[in-house]
Amino acid sequence: MWNSPKVGILGGGQLGRMLVEAANRLNIQANVLDADNSPAKQISFHDGHVTGSFKEREAVRQLAKSCDVITAEIEHVDTYALEEVASDVRVEPSWQAIRTIQNKFNQKEHLRKYGIPMADHRELVENTPEELAKIGEELGYPMMLKSKTMAYDGRGNFRVNSKADISEALEALKDRPLYAEKWAYFKMELAVMVIKTKDDVLSYPTVETLQEDSICKLVYAPARNVSDKINEEAQAMARKAVAAFEGKGAFGVEMFLLEDNSLMLCEIASRIHNSGHYTIEGCGMSQFEAHIRAIMDLPIPPKSLEIRQPSIMLNIIGGAAPDTHLKAAEAALSIPNASIHLYSKGAAKPGRKMGHVTVTAASMHEAETIIQPLVNVVDDIRA
Ligand code: ATP
Ligand code: MG
Ligand code: MG
């Protein structure tokens, strides 16, 4: 048996909280670096937590001192701090992987060398209307203007429909490093959770994700109406993309399925991911436990990553008032086989992820029928 290992986690949001849940069951102490009342710390009582931010060098140093291995629930961390402590403590995945992935443009330039298909894109150097207009001529309209860094939940993306939108787009993303992407005409968005271990690159089955206003709303596991061949191809592409990076742990790979059934990478996250929350109820081993096991070099039987029952995950997102999301949670109490996860983030803001619900059933059709009333409640809250 392992000897009271300690895992350090940069970030104590909902992903950190679910990592703590998994670590707790394995008697692994998770030391969290974040504010004192962060969601992850609320469910973990011991004296190993560190108060501060994952962007502060000194706080990362302090965390590293007390852990056997450190990891991150978010890619927007200070990778220079991680580089510095890497000589004293294991950092998983590697700081190099996190540094490359946290800049979406660099991430894509790196993956291009490995032959991963993705939307054609161009870097902006001057962020001027003239420069973007020239790129628009090359990529065509619509195109997606994207921030290279600090992007999440679509905050960092601006759809440029025509030349007339250029000044508004540059204003919306001003002072950020930018690149532009050719529009991907996808029929579906897919995602695969990949688990990189010391000797293997494993994957969970391919799921379907549905974004609303660029925020993930629903995840269907497995993806609906997708052939076994595409399911396999998507997993293979995701594993190949993740294999291009150093280090162990969970990686979320987002993809587009195009009209001709070809696949294109959207982006990679160097961490546990919203598209993998269904694994808590839907699979033998959750993405959170798989991440902990991977970074601790504990065995992961590949069979544990298979889907036990079709699952649908619905995000509970903040509405107009600070507590409107609780209406969705209350409604979920009466839905059969609905597992409710609230993140205890306090007051909601519109668009903020406050929790999620997963329904599992004998068939996908049954899961869809069961969850529909709850989807209606969520739609009412957002409307
Ligand atoms: P996340 O919360 O997943 O980290 P993000 O802010 O990093 O999101 P992306 O994943 O790049 O942003 O894009 C968000 C969504 O915008 C995608 O899921 C997709 O629906 C849409 N999108 C992104 N790029 C394109 C594209 N090139 N063409 C069409 N739609 C796109
Ligand atoms: Mg992203
Ligand atoms: Mg994304």
Legend entry - nm² value of the averaged projected area, convex hull over the Cα atoms of the range 213-275: 4.9
Legend entry - Listed residue (Met237, Asn337, Asn161) projecting farthest to the positive dipole end of the chain, Cβ model: Asn337
Inset, instruction - Find the centroid of the Cα atoms in the range 1-80 and in the range 235-312, then give the distance between the two in whole Å. - result: 21
Inset, instruction - Order the following by accessible area, largest value first: Lys248, Lys240, Lys108. Probe radius 1.4 Å; ligands, DNA and RNA are ignored. - result: Lys240, Lys248, Lys108
Legend entry - Protection proxy ranking, peptides 348-360, 263-275, average beta carbon neighbours within 10 Å, highest first: 263-275, 348-360
Inset, instruction - In Å and from the alpha-carbon atoms only, list the Rg and Dmax of the chain. - result: 20.4, 64
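For the chain, give me the percentage of DSSP beta bridges that are antiparallel, rounded to the nearest 5 percent. Intermediate results must be reported in sequence, preceding the final value.
Working: 57 of 71 bridges.
Taking every DSSP beta bridge within the chain, about 80 percent pair in antiparallel fashion.
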Inset, instruction - Identify, among Thr51, Ala30, Leu19, the residue whose Cα sits farthest towards the positive end of the charge dipole of the range 7-55, taking +1 on the Cβ of Lys and Arg and -1 on the Cβ of Asp and Glu, with the dipole about the Cα centre. - result: Leu19
Legend entry - Glu366 accessible area, 1.4 Å probe, all protein chains in place, Å² to nearest 10: 80
Inset, instruction - Enumerate the whole-percent occupancy of each 5 Å bin, from 0 to the last occupied one, for all C-alpha pair distances of the range 271-383. - result: 2, 12, 21, 20, 17, 13, 9, 5, 1, 0
Legend entry - Spin-label model distance (nm) - Asp153 vs Lys113, 7 Å beyond Cα toward Cβ: 3.4
Inset, instruction - In nm, give the distance between the simple-model label positions of Glu56 and Glu83, each being 7 Å from the Cα along the Cα-to-Cβ direction. - result: 2.2
Inset, instruction - Please turn the phi angles of the range 135-145 into ³J(HN,Hα) values with the Karplus equation 6.51 cos²θ - 1.76 cosθ + 1.60 (θ = phi - 60°), one per residue in order, whole Hz, x for glycine and proline. - result: 5, x, 5, 6, 8, x, 10, x, 9, 10, 8
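List the relative contact order of the chain as a percent without decimals, with contacts defined as Cα pairs under 8 Å and 6+ residues apart.
Details: 826 pairs, mean separation 49.7, N = 383.
Reported relative contact order: 13 percent.
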Inset, instruction - Please list the non-local residues whose amide H lies under 5 Å from the amide H of Val32, H modeled 1.01 Å from N, same-chain partners needing a gap of 5 or more. - result: Ile9, His49, Val50
Legend entry - Sum of -39500 (n - 2.57) over DSSP H runs of 4+, divided by residues of the chain (222 nm, nearest 500): -9000 deg cm²/dmol
Legend entry - Ranked packing of 250-258, 174-182, 298-306, most packed first, by mean Cβ within 10 Å: 250-258, 174-182, 298-306
Legend entry - chymotrypsin sites (Phe, Trp or Tyr not before Pro) within the range 1-73: DSSP coil, no more than 13 neighbouring Cβ in 10 Å: Trp2, Phe45
Legend entry - Debye, to nearest 20: dipole size of the chain, +1 on Lys, Arg Cβ, -1 on Asp, Glu Cβ: 500
Inset, instruction - Would you mind putting 21-28, 32-39 in packing order, based on average other-beta-carbon counts within 10 Å, highest first? - result: 32-39, 21-28
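The values are calculated or read from the model by the stated rules, or taken from the named source; none is laboratory data. It should be emphasised that the depicted structure is a prediction, and the values quoted were computed from it without experimental measurement. Backbone-built Cβ (ideal geometry, glycine too); neighbour counts: all protein chains shown. The protein model used for the area step is the full one, side chains on, heavy atoms only, and it has no ligands, DNA or RNA in it. Shrake-Rupley method; radii C 1.70, N 1.55, O 1.52, S 1.80 Å.
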